[in-house]
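Working notes, beginning with the structure itself.
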Amino acid sequence: MNVKKDSLDKKIRNYIENLFAGVGPSQQLFDLKEELFINMKEKISDYNSRGMEEEQAFKEAVISMGDLSGLVDDMRKLGQDKARQAIYTTMTARISLAGIIAGCY
């Protein structure tokens with residue numbers, strides 16, 4: 001039973017990871033993935049309790065989530081914005097430091 005549960009968990013995680021492939025890591029992305037994982041597990045469990053086979057229950061859970069491409073795009077933009085912000089912060093710090101060093105001479 002646990003092997004089956006672990007296999008299903010892995011299948012759900014792989015689906016979600018593939019969905020967000022190429023999206024930069026962020027706390028929001030991590031939280032979203034966890035929420036989607038829990039949601040899918042609950043849907044699959046519900047479908048199973050109605051007598052649906054696991055493979056079909058997984059497919060139905062995926063379908064029931066609808067088109068997530070907008071959500072993926074939002075997470076990708078958020079990741080890019082965070083990367084830009086980190087670069088900007090680093091550049092600003094370097095420029096400030098250069099100004100301080102130049103001011104000392």
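Laboratory data are not the source of any read-out in this text; all were calculated from the coordinates shown. From a predicted model like this one, the values you see are computed outputs, not experimental measurements. No Cβ is skipped: glycine too gets one built from the backbone with ideal geometry, and neighbour counts run over all protein chains shown.
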> Got at least one residue in the range 49-70 being outside any helix (DSSP H, G or I) and touching a residue at least 40 places away in the same chain (Cβ under 8 Å)?
Replying inline: yes
> If you go through the range 12-48 one residue at a time, how many are without any contact (Cβ under 8 Å) to a residue 24 or more places away in the chain and outside any loop (DSSP other than H, G, I, E, B)?
Replying inline: 16
